[in-house]
Structures are given as structure tokens and as C-alpha cells.
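Trainee: Pasting in a structure now, in C-alpha cells, and then I'll have a few things to ask.
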Amino acid sequence: MDTHIVSSFDSSEFTHLTRTLSKSTVIGLDAEWKPVRSQRSTFPTVTLLQLACQIGDDSAGWDESVVFLLDLSSLPLPSIWGLIKDVLVSPDILKLGFKFKQDLIYLSSTFRAQGGNPGFDQVEPYMDITNIYKFLQHKQGKKISKDTKSLSAICEEILGLHLSKELQCSDWSHRPLTEEQIRYAAKDAHCLLGIFKIFQAKVIKEGPLCNHVNEQHQSNVSLGLKGILEMPDCENKLVGRKFCNALDIVQATASSEECERIARGVEVIRKTKPMDESLWKIVRKYGEKLFLRVSDRNPKASRRKGKRRSSVAVCEEKQLENYGDWQGPPPWDISLGGDGCPKFLCDVMVEGLAKHLRCVGVDAAVPHSRKPEPRELIDQAYKEKRVLLTRDAKLLRHQYLIKNQIYRVNNLLKNEQLLEVIEAFQLKISEDQLMSRCTKCNGRFIQKPLTVEEAIEAAKGFQKIPNCLFDKNLEFWQCMDCNQLYWEGTQYHNAVQKFIDVCQLKE
């Protein structure tokens, strides 16, 4: 995946962007902004716009695409408004998005507020990934759920690609962006192309899409010059030949400034690579139009009758923000009757941290159910004598139920979260502890490694071991709880080195 950050109007990256757009027929759209924690009278400001451009024909793989990250906090918005507008409404570019209407509302608001222009009110032709997913589910004979799956879950199911969303709520207004943010933003738009590629192949495989491909519009006269010129070439070959004559008519009745603007607009449309026939058929049958109403221009007021928060409630919120700091002995402390071994319970918001803790040999469990209630988490932490790790400030309100057993993690990235917990609880991590727990279930390994013969027997009907490992004289270890097999191969040594670096252990 080729990724470019566009932060200057006169940069080579911007030139590359305009050239790529002229050759693209499918583009994945996404946007990022700094999360707003409280209700506001204005929309969030979009600071990053992602454009994943599919280059080439249908035979090109989606991994050959180019992703552009437009830094809207650096680019002059009035200068790029026309370019983005052309992309959003160009009939020769299919736009893909995942619930993109909210992004469009925020994007339009950002340009209106900072660019002095009317913003954006439509995207056409457009296809939403949620509808594509439902189509694929239907074709596989699966029951379509009313609940909309997340983009991460759809990517996992359709592409087999893990799309971590832990950076979704990071500060996208801060510059420079971290490498992790850049990768996250690029993948978020790039995966849309992959999902569409599978949909496109499925549709083409089923046969003819449209019985009346060459069906003309009832009337081209009412479309106006610009509307006619933007129609696909396969419908308007005659109009294309008469283009020069049409432009002459416009020049005869318009000012020189207007002529230059119209000619420049026509040039952008003419340079755009037209859709091939198969893609155009898909757009005609499944494409839709995403548009904003006038009412979408302003944030909707809450339907609840506003109760003014008392000064006590405001004070309580401020106390909760600082209440996550660790203040007392943990439940495993020997002075409290514990065994001295640190034990944690990571809720769904820091589930990735649980695996990192296991990798450095720390006992880290996850909730028994996928969507536990706060009281369930509290009960599990209390019964198992664990410290509950979370990023949910609301859970801190239950601190009185289990004293010194809830800690609010401040950092967003897993590596930084790990270091934060190690420092807050003064955990002692050594190289001997690394990879000593099952990352799958948190279980302990057997005391003695298995032979190759024992590993083959243990894996029967449960886990596949690559044949190439049998001649490498490797040691195999088995989890005593879930029976998962591990071996000290390349992946193991890479993981050990990673956590030696993260935890700054001396080799």
C-alpha cells in the first residue's frame, strides 16, 4: 500500500494526487477529527481526509492502490475545495464509504467555517460498505442482522484483515501525526477497496447486470451543458464530438473570466478516466446518491429536556478524572493475604493490553462475557482478586465497591499502556518471563517441553503444525488450560526482541 501525506498545495505529493485522481475510477473515502467529549453547538473540525485510489482496470489488485492523506490543517481549504468537489460529484469516479454521511457533514462544516465556500452537499455515485456487506451475506445464504457490523468486524470476516480501532479516538489535530496514526488512517480507507473488489467479482460472476445498458436518458436537453458533458462517454459520443462547438457558444455569451473557469472545469472532467463498461453497469444498478439536507448543516439539539448540571455534579466529574491514579496496595499484596503475583482484569476497551501483559508474563484475564455489565466486571475482579484495568471513566464510580481494584489507563497505544501499568504497579519484568503465558487464554505452559512426536500427537484434530518445523529441532510448549501449542520459531524470537525493546530490558 503506497501512502502519501499531502500537506502543501505546491508540493510533489499534491501533483501526484491530481494525476492519480485523473486515472482513478474507484475511490475509498474516510475522514478523521479530534473527538469531542462534550456536547457542542458546532461540529468537530476535520483535520485529515483519506482518499484511497484504485489505479488500473478490473484486473488490478486492490493492494496496488495509492492512499493519499490530505492534511486539512495545513492545506489552504479554498484552494482545494474545487478539487474535492469534483471528486465527490464526478460521474466517472465511484466513491466508497462506511457510514460516510457523518464524515460528509463534518467535512462540509469544516470547509464552510474555514474556507468561505458552500461546503459539500452530495456524493454521487456512491456505495456504502454496509450495503455491500449485506449483499454478500445474502448471496451466501446467511441471515442478515438488523444490527450494523463495525468496519473492523466486516474486514475481519470478508478480507481476513485485522483492523485495530484503538486510534480512532486519538487526537487527530496534533501534528506531526504518529506512524501508528498514519498506518491506521491509510488502512481505514484502503480496506474499502478490498471489500468492493470482492463484491465486484461476485456480481460479475453472476452474469449480465443490466438488460438495457445502452438505454438513453429520456431527455438530455434539461440537463444543461455541464450535465451533458459529465455523462459517460458511451452515452454521449456525439456530444463529445461537438464539444468544441459547445464551448464556442459559451464563450460567445460569457465573460473571459467565466470562460476560463468553465474551460478549466471541463478540462478536469475530460481528463478523468471514464469507467469501464463492467464498473459502469455496477454503478447503474447498485450506485446511490448521498446528499445532505439543509437541516444537516447544524448540530441537532438533544431531545432530552436539558437539566442544568449542578456544581456538585461538575465537581464529581473532575474528581473522577483524577481518581484513576493508583493510590493503595493491590489485592495481591502479601500484607493483605495475597500471593504477591500481580493479576489484572482488562475490560473490552483495553483488551489489546491483556495480550501485551501476557507476553511479558503477567496474569491478565478478560471478562467472561463479551458485553459485561459494570457489576459483572466488579464481581469478577473482586472474586479473582484482580485489579480492573479500563479506559472508561464511568467505571470509577464503582470504586467504593472494591477499594484499590480499579485503575484507569490513560494512554491509547498498547505499548505505552503496557509501560504505564508496569510503572504504576511497579511490576518487575525480566527476560525469563517473556512469552511464558498463553496469549490466547492467559494459561500457564507445561513445565517440560514436548518432543516432536508428542507435539504431533497433541495437535491431532486440534491444531495444524507446519511440516517444515519437524526438521528444525525446535522445542514445543503446550498451554495447560486450552492445549494451544507454541514453538520457539522466528515469530517467537521476534516477539521476545520486541518486548525487550519496549520494556527496555538489558540483554
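Trainee: Among the residues in region 139-149, are any in a loop (DSSP other than H, G, I, E, B), crowded, with 16+ Cβ neighbours inside 10 Å, modelled with pLDDT of 80 or more and at negative phi?
Mentor: Yes, region 139-149 has at least one match.
Trainee: Cβ-Cβ under 9 Å, sequence separation 6+ or interchain: first residue in region 150-161 and open to solvent by less than 20 Å² (accessible area, probe 1.4 Å), partner of a type in the set (Ser, Thr, Tyr). Which pairs?
Mentor: Partner pairs satisfying both residue conditions: Leu151/Thr130; Ile154/Thr130; Ile154/Tyr133.
Trainee: Determine if region 104-118 includes at least one residue that is loosely packed, with under 14 Cβ neighbours inside 10 Å, in contact (Cβ under 8 Å) with a residue 12 or more places away in the chain and within 18 Å of Glu32 (Cβ to Cβ).
Mentor: Yes, there is a match, as at least one residue in region 104-118 is loosely packed, with under 14 Cβ neighbours inside 10 Å, in contact (Cβ under 8 Å) with a residue 12 or more places away in the chain and within 18 Å of Glu32 (Cβ to Cβ).
Trainee: Could I ask something else about it? Is it true that Thr130 is modelled with pLDDT of 90 or more, surrounded by fewer than 17 Cβ atoms within 10 Å (Cβ to Cβ) and under 27 Å from Thr42 (Cβ atoms)?
Mentor: no
Trainee: Okay, moving on. Name the residues in region 150-184 that are among the basic types (Lys, Arg) and either under 15 Å from the mean Cα position of the chain (by Cα) or at positive phi (or both), would you?
Mentor: Once the filter is applied, which keeps residues that are among the basic types (Lys, Arg) and either under 15 Å from the mean Cα position of the chain (by Cα) or at positive phi (or both), region 150-184 yields Lys165, Arg183.
Trainee: Right, another one. How many residues does region 455-483 hold that are assigned to a loop (DSSP other than H, G, I, E, B) and open to solvent by 40 Å² or more (accessible area, probe 1.4 Å)?
Mentor: 13
Trainee: While we're here: How about region 162-179: which of its residues are within 19 Å of Asn415 (Cα to Cα), open to solvent by 10 Å² or more (accessible area, probe 1.4 Å) and among the small types (Gly, Ala, Ser)?
Mentor: Passing the criteria: only Ser164.
Trainee: Follow-up question, since we're still on this one. Just give me the residues in region 180-198 being among the aliphatic types (A, V, I, L, M) and either outside any helix (DSSP H, G or I) or open to solvent by 10 Å² or more (accessible area, probe 1.4 Å) (or both), in sequence order.
Mentor: Ile182, Ile198
Trainee: Name the residues in region 435-460 that are basic (Lys, Arg) and farther than 20 Å from Leu357 by Cα, would you?
Mentor: Lys448, Lys460, listed by residue number.
Trainee: Inside region 60-108, can you point out the residues that are within 21 Å of Gln200 (Cα to Cα) and among the aromatic types (Phe, Trp, Tyr)?
Mentor: Selection gives Trp62, Phe98, Phe100.
Trainee: Moving on. Just to be sure I understand, how many residues within region 150-168 are of a type outside the set (Ser, Thr, Tyr) and outside any loop (DSSP other than H, G, I, E, B)?
Mentor: Total meeting the criteria: 7.
Trainee: Anything in region 334-355 that is in contact with a helix residue (DSSP H, G or I) (Cβ under 6 Å, 6 or more places away or on another chain) and farther than 30 Å from Ser170 by Cα? List them, or say none.
Mentor: Matches in region 334-355: Gly340 only.
Trainee: Can Ala393 be described as modelled with pLDDT under 90, among the hydrophobic types (A, V, I, L, M, F, W, C), outside the structural domain of Thr490 (by the TED database) and in contact with an Asp or Glu (Cβ under 8 Å, 6 or more places away or on another chain)?
Mentor: yes
Trainee: Condition check: without any contact (Cβ under 8 Å) to a residue 60 or more places away in the chain, open to solvent by 40 Å² or more (accessible area, probe 1.4 Å) and under 27 Å from Leu505 (Cα atoms). Does Glu351 satisfy that?
Mentor: It is true that Glu351 is without any contact (Cβ under 8 Å) to a residue 60 or more places away in the chain, open to solvent by 40 Å² or more (accessible area, probe 1.4 Å) and under 27 Å from Leu505 (Cα atoms).
Trainee: Right, here's the next one. Take region 395-421 and flag every residue that is touching a residue at least 40 places away in the same chain (Cβ under 8 Å), open to solvent by less than 30 Å² (accessible area, probe 1.4 Å) and not in a strand (DSSP E or B).
Mentor: Across region 395-421, the qualifying residues are Leu395, Leu396, Gln399, Gln405, Val409, Gln417, Leu418, Val421.
Trainee: What residue, among those in region 366-389 that are in contact (Cβ under 8 Å) with a residue 12 or more places away in the chain and under 26 Å from the mean Cα position of the chain (by Cα), is least open to solvent (accessible area, probe 1.4 Å)?
Mentor: Step by step, filter region 366-389, then rank; the result is Leu389.
The values are calculated or read from the model by the stated rules, or taken from the named source; none is laboratory data. From a predicted model like this one, the values you see are computed outputs, not experimental measurements. Heads up, the Cβs are rebuilt from the backbone with ideal geometry, glycines too, and the neighbour counts pull from every protein chain shown. To get the accessible areas, we keep the full protein, side chains included, count just its heavy atoms, and leave off ligands, DNA and RNA. Shrake-Rupley method; radii C 1.70, N 1.55, O 1.52, S 1.80 Å.
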